[in-house]
Amino acid sequence: MDAPKQLMRFQVNGEPHQVAVRIEKTLLEVLREDLGLTGTKHGCELGECGACAVLLDGRPILSCLALAVECQDRDITTVEGLAQDGQLDPLQEAFAVTGAAQCGYCTPGFLVTARALLDAKPKPCRRDIADALAGNLCRCTGYLKIFEAVEQAIGACAVRPIRPPAATPAAPTGGRA
Amino acid sequence: MPEYRVIGRRVPRPDAPGKVTGSATYVADLAPAGYLVARLVRSPHPHARLRALDLLPARALPGVHAALGAHDIPGENRMPGAPDGQPILAVGEIRYAGEPIAVVAAESAEAAAAAARAVRAEYEPLPALLDLDTAFAGRSFLAQGRIRRGDPDALWSGCDAVVEGVWRTPPQEHAYLEPNGVLATPDGTGGILIQGSLQSAALVQRAVAAALGWPLNRCRVAPCTVGGAFGGKEEVPAHLAACAALLAVRTRRPVRLLLGREEDFACTPKRHAARIDVKVGGTKAGGLTALDMRYVLDGGAYVTASPYALFRGLTHAGGAYAWRAARIDAAAVRTHHVPAGAFRGTGEVQAAFALECAIDLFAAQVGLDPLDLRRRNLLAIGDETLTGQKVEGPPGFADLLDAVERASDWRVKRAEFPRSRGIRRHGIGVALWRHGVGPSAFAAAGEPTTVEASAAVASDGSITLGVGCVDEGQGAHALLAQVAAEELGCMPEDVRVSDADTTRAAAAPGGDFASDALSVAAAVVDACRKLRTAIESVAGDLPLSWKDRVREAVRRNVGLVANGRSAAPALSFDRETGKGRPFAAYAATAAIAEIEVDIETGEVAVTRAWSAHDIGRALNPTLVEGQVEGGIVQGVGGALLEELRTRDGRVVSGGFAHYAIPSALDAPVVSALLVDGGGAAGPYGAKGLGEAAVVAIAPAIVAAIAHATGARLAELPCTPERVTAALAKAAGR
């Protein structure tokens, strides 16, 4: 018995994709299983840990709670899309150098969430950073090196948004910050 | 101290690029063609007789390839080394809610879930033993031990002050961000490959071989990148791998068995819950003389790590202090809870909480500053510990206390904070702990006591290390590459560390990173020195570069692989007499916590923490800070937030919504203060660190709450409900 599928069109990391997806599939499942983008992680599948965070039209959402069919014509950025022209994003550089990635499982979710923060607010203070990252759990670092990494990246990337603003305005559905 | 070229530097981790780009491969990222999804069928009852098990309804479902029970295990239905015969799949008696009774494999997660539901099991529920005190009273023991030094009963009457109390800690979940998981793949040549998120490849290999009834060399284990472990990925991956291997061999397909988050919370080992009764006596000048402790752990349904936890608790029970007399009675009781396991600071977190809280209470009783009181009672060189071991190296305790006192501005805050009025009260508290590092006298059955490592140089001069220790995320492999680079005179990036693959790796103990790093590093040093000697002896008279020498060695057929060893020193511990030399070396830690209590809501926030460590030389300061900061925040979670709750033996706080771990908003600013007190356990003057970081912060927090409010909490975590109740009790006095 085949579940109903829907043909979806969306941009992932700047590339257009057309995928026939089962309507009950989450964005996380489609990214990992249909598009092979396994950088985004399953942590709880309940929207509690932030390991599955991706950017939807530049805003962080939990891809385990979003249905893929909600993402028609929208723009998705995963950890694989942060590097550009073979150059790591300054956040990626900073996470690597400061030791902000220990086991690394939460790292992709932190990176895209921090990316959205810096795009919206290029010079956040420590409190802004903690607020923005409060939905992403890390069990290894105690968060301090993550804060330091974001602060280190601030100078390096204040002027460069990761991706041009999405062509379509952000719709209010599908995303949960 | 000698200066080193690479050691002591902040060398970037070789795994960092993969982790920040999303290309690091965790087990859930592996999806080989034609793989099947496995699922465990688990008992809902904590204690029951399994009267009948019918797998046929599951096997009949579409997309289902196998449904197996205990009778389908061709080898031994027993976890490796389990002294109580803990089965892989239960047969007869069920001993905890969530115990696996069958395992299924199907073409999709949905089909596997349907198959698991279709398995018909008939249970006869039995009365469950779920209370630690009842289990203790009924002498339901998994393990016991004791320490005797003099007779404390002869001293109480002569004490100016005696304090006593009961301290309790709850089961704590490891809460690694990556749930447990394994993938078993038949290799087409009569062997099987196990990949997974695991701490001990050797343990997994033994479990798989025993379950299949195969020799070890047909069972290859190659760990994936591990998304955190903290002690929680020792027995579980072995258990899962045995199940996945059975299915893979039966179906001749790759089989992936991943635990969901709630299943991982509900069914895998936790930190032992504990009840610890402590009585401490001493003089009004602040001299500690007598200690009486009853240390009881809830070991859960099977032995697993309880003897190890008991060993660590017992051998550390006296803390950093010199006692004239002490009596420690320790037991791990058997209940029908999920088996308890190793967890960073195993057995010590509980003992440290109880003892250090009692010390703080004693200081208050005699009216001394708790930091000064500790200073008067420190173990010194030549003193005997409670196990009769002479303190050999400089213990560094005074340096640690000085470091945290200075950095935290302790004197001023101790004097000023109690004067604060209003709803938000501030407090500051301290705790101290002595922690055995490196190899220990505890040897689990079948674990090698000698650690080996290999170093191989390729024809282009690049180096590969073969080690048996897995990098759980702390950077163990980065550290080992640094060690090899130091020894061989190359750069860390010229060295690759094997992924603890059993076909390449040498023997190494699993899990305990603190000893892993030290013992494995020592073996790597040995291997690299042999390799260097061999290479340098080639054309030793010619002025050749390292790479040219390697080429010359290849030309002359000189061996390009060297094996190194690190033998455990002579250690002993007798659980009957409590005597022995349980560790060759000790590290120490002092922690100060500064907190804010809202006296209306009972909410506590840790605002600052100072964590001083005598760790010898820091081989890589970035990694050390990462261990300290991460350990402190895990400890803050244990102190304020974390308690796995059960009802009728079933976990009811599974998942992060019901079991909060610290978020970015809960993390205090942590100052890691590193002190080199000497007395090293490993190469270059290094000591272990990963475990000690978590131990001292909870009692420091509880002491700070008492400083802020006068309320003394005796049970973790310090939830707003408990703090409010303690405030009311303190006000009523």
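The values are calculated or read from the model by the stated rules, or taken from the named source; none is laboratory data. All figures in this text were calculated on a predicted structure; none of them were measured in a lab. Ligands, DNA and RNA are stripped out before the accessible areas are found, and what is left, the full protein with its side chains, is counted by its heavy atoms. Shrake-Rupley method; radii C 1.70, N 1.55, O 1.52, S 1.80 Å.
The contact residues of the stretch B:157-183, meaning those that lose at least 40 Å² of 1.4 Å-probe accessible area when all protein chains sit together rather than their chain alone, are B:L177. When Rg and the Kirkwood Rh are both derived from Cα coordinates, the Rg/Rh ratio for the stretch A:5-81 amounts to 0.91. Filter the cross-link list A:K41/B:K233; A:K121/B:K270; B:K270/B:K413; A:K123/B:K413; A:K5/A:K121; B:K284/B:K687 down to pairs whose alpha-carbon distance in this structure exceeds 29 Å. Listed pairs above 29 Å: A:K121/B:K270; B:K270/B:K413; A:K123/B:K413; A:K5/A:K121; B:K284/B:K687. Per-residue accessible area (protein heavy atoms, 1.4 Å probe) orders B:E629, B:E486, B:E3 as B:E3, B:E486, B:E629, starting from the largest.
Share of Cα-Cα pairs in the stretch B:530-686 beyond 22 Å, in percent? Counting every Cα pair in the stretch B:530-686, those more than 22 Å apart make up 68 percent. Quick check: at a probe of 1.4 Å, how many percent of the accessible area of the stretch B:342-386 sits on carbon and sulfur atoms? For the stretch B:342-386, the apolar C and S fraction of the accessible surface comes to 48 percent. Where the alpha-carbon atoms of chain B are placed on the principal axes, they occupy 79, 74, 48 Å, in descending order. Ranked by solvent-accessible area (1.4 Å probe, protein heavy atoms only, all chains present), the residues B:R49, B:R344 order from largest to smallest as B:R49, B:R344.
Here is the interface size for B with A: some 3500 Å² of accessible area buried, both sides summed, with a 1.4 Å probe.
Over the Cα atoms of the stretch A:90-159, the radius of gyration divided by the Kirkwood radius equals 0.91; this is the Rg/Rh ratio.
Contact order, relative form, for the stretch B:148-206: 19 percent (alpha carbon pairs under 8 Å, 6 or more residues apart, mean separation divided by residue count).
Interface residues of the stretch A:86-114, defined as a loss of at least 40 Å² in heavy-atom accessible area between the chain alone and the complex of all protein chains with a 1.4 Å probe, are A:A96, A:A101, A:Q102, A:C103, A:Y105.
Remark: relative contact order (the stretch B:61-180) = 21 percent; criterion is Cα-Cα distance under 8 angstrom and separation of 6 or more residues.
Taken over the alpha carbons of the stretch B:347-438 as equal point scatterers, the Debye sum produces base-10 log I(q)/I(0) values at 0.12, 0.21, 0.25, 0.26 Å⁻¹ of -0.47, -1.23, -1.47, -1.49. Overall, the accessible surface of the stretch A:90-159 at a probe of 1.4 angstrom is composed of carbon and sulfur to the extent of 56 percent. Around the amide H of B:G8, modelled in the peptide plane, lie the amide H atoms of B:N620, all under 5 Å away and 5 or more residues distant in sequence or on another chain.
At q = 0.06 Å⁻¹, what base-10 log of I(q)/I(0) does the Debye formula yield for the protein assembly as shown when every alpha carbon is treated as an equal point scatterer in vacuo? Here the Debye-derived log intensity ratios amount to -0.41.
Remark: the stretch B:269-285, residue by residue, has Karplus-estimated 3J(HN,Hα) of x, 10, 5, 4, 5, 9, 10, 10, 9, 10, 10, 10, x, x, 8, 6, 7 Hz, where x stands for each Gly or Pro and the curve is 6.51 cos²θ - 1.76 cosθ + 1.60 at θ = phi - 60°. Based on protein heavy atoms only, chain B ends up with 34 Å² per residue of surface accessible to a 1.4 Å probe. Remark: the stretch A:1-114 carries 37 Å² of accessible area per residue (probe radius 1.4 Å; ligands, DNA and RNA excluded). For the stretch A:5-81, carbon and sulfur atoms together expose 47% of the accessible surface, with a 1.4 angstrom probe and every protein chain in place.
In the assembled protein chains, B:K729 presents an accessible area of approximately 140 Å² (probe radius 1.4 Å).
Per-residue surface analysis assigns B:E110 an accessible area of about 110 Å², computed on protein heavy atoms at 1.4 Å probe radius. Only helical runs count toward this figure. For chain B, summing -39,500 (n - 2.57) over DSSP H runs of n ≥ 4 and dividing by all residues gives -9000 deg cm²/dmol at 222 nm.
When the other protein chains are added to the chain by itself, burial of at least 30 square angstrom of heavy-atom accessible area (probe 1.4 Å, ligands and nucleic acids ignored) affects these residues of the stretch A:116-144: A:A134, A:L137, A:R139, A:C140, A:G142, A:Y143, A:L144.
Of B:W156, B:W214, the order by accessible heavy-atom surface (1.4 Å probe, DNA, RNA and ligands excluded), from most exposed downward, is B:W214, B:W156. How high is the relative contact order of chain B, in percent, counting Cα pairs under 8 Å that sit 6 or more residues apart? Normalised by residue count, the contact order of chain B is 16 percent.
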